[in-house]
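> I'd like to ask some things about the structure below.
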Amino acid sequence: MDDPALLVIDIQNDYFPGGANPLYKAGEAAAKASKLADFFRGKGWPVVFIQHFSNRAGSRFFVPGTPGVEFEKGVRPRVGEKIVPKHFPNAFRETDLQAHLQGLGVKNLVVCGMMTHMCVDSTVRAAKDLGYEVRVAGDACATCDLAIWGKYVNAEQIHKSFLAALAYFYAGVILTDEFIEKNRGTE
């Protein structure tokens, strides 16, 4: 297997308690994402951080220049790690992510981050369409409650539904600790 790159999507302050759009179990997901990032760093595998900046009029979160747009303290890039700024859910849209990954010769991705139903979903689908083999660390992702047709859908149901949909075709859905254990001895 070719060495994978880790995409850490939008683990930013606005998704945590006190932020403009806190997610369900964001802290737990961030802890798993941090563990994955540390594992990738230890293996010498690339870690790429995606950072959303809203450019929509009236946006209430990820507003440039606010603390909410900054990376959450437990999951921050280190010196030399690529940061890809984006304005759309799909991290490949109008960014240099594809060129960066091609420059590294990466063909396999592990994805984690926020939100499962939005930026993780759209980025994973785009990555598969671009020819990448993709795995999603489901326990290193988080989402929020939503509603449709006047009915409430809780975050846990949304999270599982989107992961199940991705697992149907677009990605392998994995657990952080199992991935680390399986890849601990690979060189």
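For every residue, the table says whether it meets (1) touching a helix residue (DSSP H, G or I) at 6+ places or on another chain (Cβ under 6 Å); (2) β-branched (Val, Ile, Thr); (3) in contact (Cβ under 8 Å) with a residue 60 or more places away in the chain.
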position: Arg60; (1), (2), (3): no, no, no
position: Gly68; (1), (2), (3): yes, no, no
position: Arg76; (1), (2), (3): no, no, no
position: Phe88; (1), (2), (3): no, no, no
position: Thr95; (1), (2), (3): no, yes, no
position: Gln102; (1), (2), (3): no, no, no
position: Val106; (1), (2), (3): no, yes, yes
position: Met115; (1), (2), (3): no, no, yes
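> State yes or no: is Asp10 without any contact (Cβ under 8 Å) to a residue 60 or more places away in the chain and either buried (at least 22 other Cβ atoms within 10 Å of the Cβ) or charged (D, E, K, R) (or both)?
So Asp10 does not fit the description; no.
> While we're here: Kindly provide the set of residues from the stretch 28-60 that are aromatic (Phe, Trp, Tyr) and either modelled with pLDDT under 95 or farther than 21 Å from Ser122 by Cα (or both), ordered by number. Show your work before the answer.
Residues of the stretch 28-60 aromatic (Phe, Trp, Tyr): 39-40, 45, 49, 53.
Residues satisfying the conditions are Phe39, Phe40, Trp45.
> When you scan the stretch 125-143, do you find a residue that is of a type in the set (D, E, K, R) and under 30 Å from Gly18 (Cβ atoms), even just one?
The answer is yes; a qualifying residue exists.
> Hey, can you tell me all the residues within the stretch 134-168 that are part of a helix (DSSP H, G or I) and either within 11 Å of Asp121 (Cβ to Cβ) or under 18 Å from the mean Cα position of the chain (by Cα) (or both)?
Ala155, Glu156, Ile158, His159, Lys160, Ser161, Phe162, Leu163, Ala164, Ala165, Leu166, Ala167
> With respect to Gly138, determine if the residue is at pLDDT 95 or above, buried (at least 22 other Cβ atoms within 10 Å of the Cβ), at positive phi and touching a strand residue (DSSP E or B) at 6+ places or on another chain (Cβ under 7 Å).
no
> Can you find, within the stretch 97-135, the residue that is surrounded by the fewest Cβ atoms within 10 Å (Cβ to Cβ) among those that are of a type in the set (Val, Ile, Thr) and over 20 Å from Ala26 (Cβ atoms)?
Only one residue fits best here, namely Val106.
> Read through the list (1) touching a His at 6+ places or on another chain (Cβ under 9 Å); (2) more than 21 Å from Met118 (Cα to Cα), then give the number of the only condition that Gly42 fails.
It is condition (1) that Gly42 fails.
The values are calculated or read from the model by the stated rules, or taken from the named source; none is laboratory data. Please read all numbers here as calculations on a predicted model, not as lab measurements. Neighbour counts are summed over all protein chains in view; Cβ atoms, including those assigned to glycine, are modelled from backbone coordinates with ideal geometry.
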